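J.: To start, I am sharing the structure in question, which I have written as C-alpha cells.
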Amino acid sequence: MYTKAGFAGDDDPRAIFTTIVGHDGGVENNAYVGDSALANREVLSLTNPVEHGLITNWDDVEEIWNHAFVTGLQVAPEEYPVLLTEVPLNPKANREKTMQIMLETLKVPAFSFGMGAVLALHASGRTTGLSVDCGHGSIDCVPVYEGFPLPHAILRMSVGGNDITEYLANRLDGNAFNSDIFPDMKENHCYVALDSEKESQRNIKHSYELPDGQIIEMGEAIFRAPEVLFQPAMIGLETAGIHTQAYNSIFKCDLDIRRDLYGNVILLPPEQKYSTWIGGSMLASLSTFQDRWVTKEAYDESGPSIVHRTCF
C-alpha cells in the first residue's frame, strides 16, 4: 500500500512512499516512515496504520501525513488546503477524527474528503458509472450517478490483493522463500482465466526465477491465485465473488439508471495506477469544488460534524 501526495492541477503525484511506520523502541520512540522504515526493518517495529482502507493507528497515520508534507512535498501543512481520499462507508467517527487532526494538529487552512472510487471515475472522464475498486484488503463496488455516490447500493467484500499474495505463498510453500517475491509474482505473472477449469486442462507450466538463480515452478497457481476474487470460498470466506457483487450493487439502484451503470463499469486500478490521485487533482482544481472545502473558521463554528454536511 502506498501514500501518494501532490498538488492540484498536476498530472502525477510528486511524492509516493510505502504506507508504513517503524519505531525504534528507544526513550523517544523515534518514528521512521516509508522507505526509511523499510531500510531499517531489522531494528524497527513496523506497523501499517491503515487496514482494509480504515485508519487503525492515529498516531502513526499522523506521522505519515506529516511526512507527506515535510519530506515528500517539502511544504508546510499550513500553506495548502488538503483533499484526502477515503474508502466507501468510512465510519463517521473516523471522518471527524481525520478532520480534527488536519485542522487542529497539522493546521491546514481547509480540508475535504473525496471517495476514491468517485475520483477514479472522474479521472476516466465519467460522472456516472460503477467503480469496482480492488484494494489490498478489500474490494468496493460503488455506483456513482452524476458525480455522487449512491451509499445504499455500495457493497464491500473483505477480499483483496493481499489474499492473492497469501494464496500464492501458501500454495508455493512460502516459508521456504523470501516473502518479497510473492507480490512480484502476483503483479507480473498471474492472470485471470476466463474459465479456470478449462485452463487447468492445459497443463500450464510457468517458471519464476529468483535473484539467486533458483527456479520456482508456479504451475496452476499462476491463474488459481486471482480466482480467489471470484471464488472467496477458496480461502474460507463465505461471500459472493467480485462479479456477483458488481451485479448486486447495480441491482440495488433505481431501474432508470441501471443501463448507464452497466455501460460504464470501471475496474480500479486500471493501467493508469494513479487514477484516483489524478481524479482528485482534477477535482480540487475546479472552481466548482471550492464550496466543498471546510475552512478552519467553519470548523471552529460547527465542530467536526460539519464534515458530514460538506464532504460527501
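The values are calculated or read from the model by the stated rules, or taken from the named source; none is laboratory data. Please read all numbers here as calculations on a predicted model, not as lab measurements. Because the Cβ atoms are built from the backbone with ideal geometry, glycine has one as well, and the counts that use them run over all protein chains shown.
J.: Can you spot a residue in segment 115-124 that is surrounded by fewer than 19 Cβ atoms within 10 Å (Cβ to Cβ) and in a strand (DSSP E or B)?
T.: no
J.: Quick one: Arg259 ticks every box in (1) over 30 Å from Asp173 (Cα atoms); (2) charged (D, E, K, R); (3) outside any helix (DSSP H, G or I) except a single one, so which number is it?
T.: Among (1) over 30 Å from Asp173 (Cα atoms); (2) charged (D, E, K, R); (3) outside any helix (DSSP H, G or I), Arg259 violates only (3).
J.: Which pairs turn up if I take residues in segment 64-89 that are on the phi > 0 side of the Ramachandran plot and look for partners that are outside any helix (DSSP H, G or I) and surrounded by fewer than 22 Cβ atoms within 10 Å (Cβ to Cβ) with beta carbon separation below 7 Å, at least 6 apart in sequence or on another chain?
T.: Correct list of pairs: Leu89/Ile154; Leu89/Arg156.
Matching residues to (1) assigned by TED's automatic domain parsing to the domain that holds Thr295; (2) among the acidic types (Asp, Glu); (3) assigned to a loop (DSSP other than H, G, I, E, B):
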residue	(1), (2), (3)
Gly9	yes, no, yes
Ile16	yes, no, no
Gly22	yes, no, no
Leu38	yes, no, no
Glu42	yes, yes, no
Asp59	yes, yes, no
Glu63	yes, yes, no
Ala68	yes, no, no
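J.: If I filter segment 204-215 for residues that are part of a helix (DSSP H, G or I) and either out of contact with any strand residue (DSSP E or B) (no Cβ under 9 Å at 6 or more places or on another chain) or in the same structural domain as His52 (by TED's automatic domain parsing) (or both), do I get at least one hit?
T.: First, pick out the residues of segment 204-215 that are part of a helix (DSSP H, G or I): none.
Looking through segment 204-215, none of the residues is part of a helix (DSSP H, G or I) and either out of contact with any strand residue (DSSP E or B) (no Cβ under 9 Å at 6 or more places or on another chain) or in the same structural domain as His52 (by TED's automatic domain parsing) (or both).
J.: Inside segment 39-56, can you point out the residues that are among the acidic types (Asp, Glu) and either within 23 Å of Glu28 (Cα to Cα) or in contact with a helix residue (DSSP H, G or I) (Cβ under 6 Å, 6 or more places away or on another chain) (or both)?
T.: The initial filter retains those residues of segment 39-56 that are among the acidic types (Asp, Glu), namely 42, 51.
Correct list: Glu42 only.
J.: Sticking with this structure for a sec: Yes or no: segment 27-34 includes at least one residue that is buried (at least 22 other Cβ atoms within 10 Å of the Cβ), over 30 Å from Leu255 (Cβ atoms) and modelled with pLDDT under 90. Can you show your working first?
T.: So the first thing to find is which residues in segment 27-34 are buried (at least 22 other Cβ atoms within 10 Å of the Cβ), and the list is 33-34.
Going one step further and asking which of them are over 30 Å from Leu255 (Cβ atoms), we end up with 33-34.
When the remaining residues are screened for being modelled with pLDDT under 90, the result is 33-34.
Yes, segment 27-34 has at least one match.
J.: Next question. Would you check which residues across segment 1-26 are over 15 Å from the mean Cα position of the chain (by Cα), surrounded by fewer than 18 Cβ atoms within 10 Å (Cβ to Cβ), closer than 29 Å to Leu283 by Cβ and of a type outside the set (Asp, Glu) and list them?
T.: Passing the criteria: Phe7, Ala8, Gly9, Arg14, Ala15.
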